[in-house]
Each structure stands twice: as C-alpha cells, then as structure tokens.
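Here the structure is laid out as structure tokens; the discussion comes afterwards.
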Amino acid sequence: MRFRRSVLGNSEQKVYDLVIVGSGCAGLTAALYAARAGLKTVVLEKEVIGGQISLTATVENYPGFKEISGPELMRLFQEQAEAAGAEIQTAEVSAIEDLGDRKLVKTSSGDLEARAVIIATGSSPRQLGVKGEKELIGKGVAFCALCDGPIFTGKDVAVVGGGNSATKEAIYLTKMVNKVYLIHRRDKLRAEKSWQEKAFRNEKIEFIFDTVVEEVVGRDRLEKLVLKNLKTGKLSELRVDGVFIYIGLKPNTDFVNVKKNPNGTILTDECMRTSVPGIFAAGDCRDKCMRQIVTCVGEGATAAIQAYEYVEELRGKKT
Ligand code: NAP
C-alpha cells in the first residue's frame with residue numbers, strides 16, 4: 001500500500017487542466033489518458049493509492065494477466081500514469097464548486113482550480129449495522145482480508161456475504177487461517193461460477209446459508225457471533241477470532257453536487273458526463289450494472305478523452 005506526502009499544503013492555489021478525484025483503476029487510467037493527451041493532470045487520493053483493488057488479494061480476470069495481486073496491478077497502473085506525466089497527491093476533497101468554466105476543488109490541503117474534474121472515488125465497504133460491530137472494528141471485525149488476514153493465521157474466522165468479494169476473499173483467507181465459515185443470508189451465492197466452484201472445493205470453507213449475523217460479541221476482542229437462521233428463526237453462537245464483512249459497497253460521492261441515484265451513485269451519460277458540464281465520473285462511484293476492473297478502465301479512458309475535448313473547447317473559446 002502506497003501513500004504520498006501532500007505537496008498541496010501551501011496557501012498558493014494551484015491550477016490544473018484536470019483534477020481526478022480518486023486513484024483506483026478508473027482514476028489512474030483517466031490520469032494516463034489525460035496526461036498522454038497533454039492535460040496538466042493531478043490525481044488526488046485521500047487514502048491508499050490503487051483504491052479497492054489494492055486491498056484485493058488476487059485478480060484473475062484482468063486481460064493480459066492470468067493471475068496478479070491487486071497491489072501489484074495497481075502499482076503498474078500508478079507507474080504508467082506517472083511516467084505519462086500525471087501527478088498523484090494525497091488530499092481529501094471536501095467539495096467541488098462549479099464556477100462555470102472553472103471548478104474550485106476544495107481539499108484538506110488547500111484549494112485547487114481546474115478546468116475539468118473527473119470523479120473516480122469508487123466505493124467503500126458497507127457495514128452490517130448490528131450490535132457490537134462498530135466497537136470491535138480493528139479488534140476482530142475487519143473489511144480487508146489482504147490487510148488483516150495475517151492477524152488470524154491458524155485461527156477460525158467468518159466471512160459474511162455471498163458476492164464475488166466474500167467468496168474470493170474467503171478462499172484467500174484459507175491460505176493462512178485454520179477455518180473459514182462463510183455466512184450468507186440466502187441459500188445460493190451470487191459470486192461468479194468459477195469462484196463458487198473454487199470455494200465449494202475448498203475443504204477449509206464451511207458454508208452457513210440462510211443465516212444473518214444478529215450480534216457481534218466481545219469485550220476487548222471479538223469472541224463470538226450470534227447468528228439467526230432465517231428459515232427457522234433459530235439463534236446460535238459461532239466462536240471465531242475474526243469476522244470479515246463483504247456485503248457490498250457504498251459509493252463515495254457525498255462531497256459532489258451532481259445528479260445521483262437515491263443510493264448515491266452518480267448519473268452520467270455514455271460519455272461519462274455528469275449533470276454539471278466539466279464534471280465527469282468514472283468507475284464504481286457511477287450508476288452502472290458492471291463493477292469490474294475492465295469496466296472501470298474503459299470508463300476512466302472515456303472520461304479522460306471527454307475531459308480533454310471539453311478543455312480544448314474552453315481553450316478555443318478564449319482564443
Ligand atoms: P455484492 O455483489 O453487492 O454482494 C454483496 C453480498 O452481500 C450479497 O451476497 C448480498 O446478499 C449480501 N448482503 C448485502 N447486504 C447484506 C446484509 N445486510 N447482511 C447480510 N448479507 C448482505 O458486493 P461485492 O461482492 O462486494 O461486489 C461489489 C461489486 O464488485 C460487484 O459488482 C462485483 O461483481 C464486483 N467485484 C468483482 C470481482 C471480480 O473478481 N470480478 C471481485 C470483487 C467484486 P444477496 O445475495 O442476498 O443480495
């Protein structure tokens with residue numbers, strides 16, 4: 001995981017052709033295309049460069065790489081974007097003011113001015129919202145197998161969810177833990193077939209279907225989960241040292257004032273234009289049906305080229 005020291009932390013307001021908010025696969029692809037097109041481009045990242053993929057153990061469906069670790073893939077994305085001339089800085093964006101032909105990007109390290117902005121902030125893991133969960137985050141409750149898995153080497157853990165993330169990360173955890181209980185609220189996983197097959201073949205994974213977590217219990221550390229079988233209503237206890245929650249994602253879009261769906265995903269047209277001219281969106285923060293690296297990459301490239309054309313048009317107006 002790579003972090004950058006901020007260089008935005010002075011009072012001087014910096015002016016860019018393009019500010020990209022978020023350094024996941026959509027943001028870094030947009031940075032590559034924009035920099036290669038000659039736009040003065042900066043990517044702002046508040047946490048980990050590479051976004052959610054940097055927290056993913058294995059990627060097996062990005063063409064050209066039969067199998068590659070998430071952090072390694074995103075390191076390659078970053079290297080290529082920087083080699084093309086894009087800057088990457090650490091800063092948290094709190095708001096974007098639309099001043100017509102200019103956008104004021106308000107950040108934790110000072111304000112920036114941009115002709116165009118691409119929102120590529122992705123999404124963050126959802127929480128269960130049950131008793132005890134919040135209090136035990138970092139004390140047994142976790143959201144990233146790659147980051148926290150080694151803490152549970154040789155121990156028993158649970159994974160909650162039935163999607164690609166829960167299934168893939170449960171398989172990853174079996175490399176280090178003693179046993180993984182995969183707890184899902186329905187009787188079927190929704191993960192891709194190939195991941196399901198791998199999970200069903202894995203002797204360290206025990207499936208607990210039709211079941212939800214009612215409570216997360218522990219004093220200083222997680223001790224057990226209280227489970228409820230949704231078919232019978234029966235409550236039971238499961239003693240585990242860790243629980244990894246993979247029940248979907250929440251888009252990181254609160255700071256931006258463009259048209260969104262009620263769930264917070266940003267509405268765009270097929271050219272990644274939002275409801276505000278000069279503001280584009282790409283990746284998992286967007287309203288769409290496929291959340292894959294390949295789709296994010298395509299959207300990042302599209303947004304960058306559209307931003308380039310937008311900036312060129314602004315320049316044309318001035319001459
Ligand atoms: P997801 O596909 O939305 O799956 C979330 C899972 O959590 C579902 O099985 C859902 O149950 C369950 N769930 C939701 N709320 C719950 C609650 N309150 N309590 C218990 N269970 C709950 O989320 P994801 O797996 O994080 O994936 C997000 C997106 O990234 C998806 O589009 C996915 O395809 C993509 N992704 C792709 C890959 C890949 O390698 N291709 C890897 C990771 C993620 P139900 O099934 O009953 O709805």
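May I ask you to verify whether residue 246 is more than 17 Å from residue 155 (Cβ to Cβ) and either of a type in the set (Phe, Trp, Tyr) or open to solvent by 30 Å² or more (accessible area, probe 1.4 Å) (or both)?
Taking the combined requirement at face value, the residue satisfies it.
Here are 122, 129: which of them is surrounded by 15 or more Cβ atoms within 10 Å (Cβ to Cβ), within 16 Å of the ligand (Cβ to nearest atom), on the phi > 0 side of the Ramachandran plot and not charged (D, E, K, R)?
Just a single option satisfies the conditions, and that option is 122.
Does at least one position in segment 209-226 carry a residue that is under 23 Å from residue 51 (Cβ atoms) and either surrounded by 21 or more Cβ atoms within 10 Å (Cβ to Cβ) or among the aromatic types (Phe, Trp, Tyr) (or both)?
no
Quick check on my filter: what residues within segment 134-146 are open to solvent by less than 40 Å² (accessible area, probe 1.4 Å) and part of a helix (DSSP H, G or I)?
The answer is 136, 145, 146.
Looking at 117, 48, can you tell me which residue is hydrophobic (A, V, I, L, M, F, W, C) and in contact with a Ser or Thr (Cβ under 6 Å, 6 or more places away or on another chain)?
Just a single option satisfies the conditions, and that option is 48.
Can you list the strands (runs of 3 or more DSSP E) found entirely within segment 147-256 that contain at least 1 residues being touching a Cys at 6+ places or on another chain (Cβ under 6 Å), within 16 Å of the ligand (Cβ to nearest atom) and in contact (Cβ under 8 Å) with a residue 12 or more places away in the chain?
249-251
Taking the residues in segment 40-50 that are surrounded by 23 or more Cβ atoms within 10 Å (Cβ to Cβ) and within 30 Å of residue 313 (Cβ to Cβ) as candidates, determine which candidate is nearest to the chain's Cα centre (by Cα).
The qualifying residue nearest to the chain's Cα centre (by Cα) is 45.
Every residue in segment 226-283 that is more than 25 Å from residue 297 (Cβ to Cβ) and among the aromatic types (Phe, Trp, Tyr), please.
If the condition is that a residue be more than 25 Å from residue 297 (Cβ to Cβ) and among the aromatic types (Phe, Trp, Tyr), then 244 is the only one that fits.
Mind counting the residues in segment 18-67 that are on the phi < 0 side of the Ramachandran plot, within 16 Å of the ligand (Cβ to nearest atom) and part of a loop (DSSP other than H, G, I, E, B)?
10
Filter segment 72-89 for residues that are closer than 28 Å to residue 191 by Cα and either surrounded by fewer than 17 Cβ atoms within 10 Å (Cβ to Cβ) or of a type in the set (Lys, Arg) (or both) and give the result.
72, 75, 76
Out of (1) in contact with a Leu (Cβ under 6 Å, 6 or more places away or on another chain); (2) at pLDDT below 95, what's the single condition that is false for residue 41?
Going through (1) in contact with a Leu (Cβ under 6 Å, 6 or more places away or on another chain); (2) at pLDDT below 95 one by one, residue 41 breaks only (2).
Provide a single number: the residues in segment 266-311 that are assigned to a loop (DSSP other than H, G, I, E, B) and either surrounded by fewer than 19 Cβ atoms within 10 Å (Cβ to Cβ) or touching a residue at least 24 places away in the same chain (Cβ under 8 Å) (or both).
20
So residue 162 ticks every box in (1) open to solvent by 10 Å² or more (accessible area, probe 1.4 Å); (2) over 17 Å from residue 218 (Cβ atoms) but one. Which box is left unticked?
(1)
Tally up the residues in segment 53-71 that are touching a strand residue (DSSP E or B) at 6+ places or on another chain (Cβ under 9 Å), at pLDDT 90 or above and surrounded by 15 or more Cβ atoms within 10 Å (Cβ to Cβ), please.
Looking only at that region, the number is 6.
Filter segment 257-293 for residues that are more than 11 Å from the ligand (Cβ to nearest atom) and among the basic types (Lys, Arg); which is farthest from residue 128 (Cα to Cα)?
Per the criteria, the residue is 273.
The values are calculated or read from the model by the stated rules, or taken from the named source; none is laboratory data. Everything quoted here is computed from the prediction, not taken from an experiment. A quick note on method: Cβ atoms are made from the backbone with ideal geometry, for glycine too, and the neighbour counts reach across all protein chains shown. To get the accessible areas, we keep the full protein, side chains included, count just its heavy atoms, and leave off ligands, DNA and RNA. Shrake-Rupley method; radii C 1.70, N 1.55, O 1.52, S 1.80 Å.
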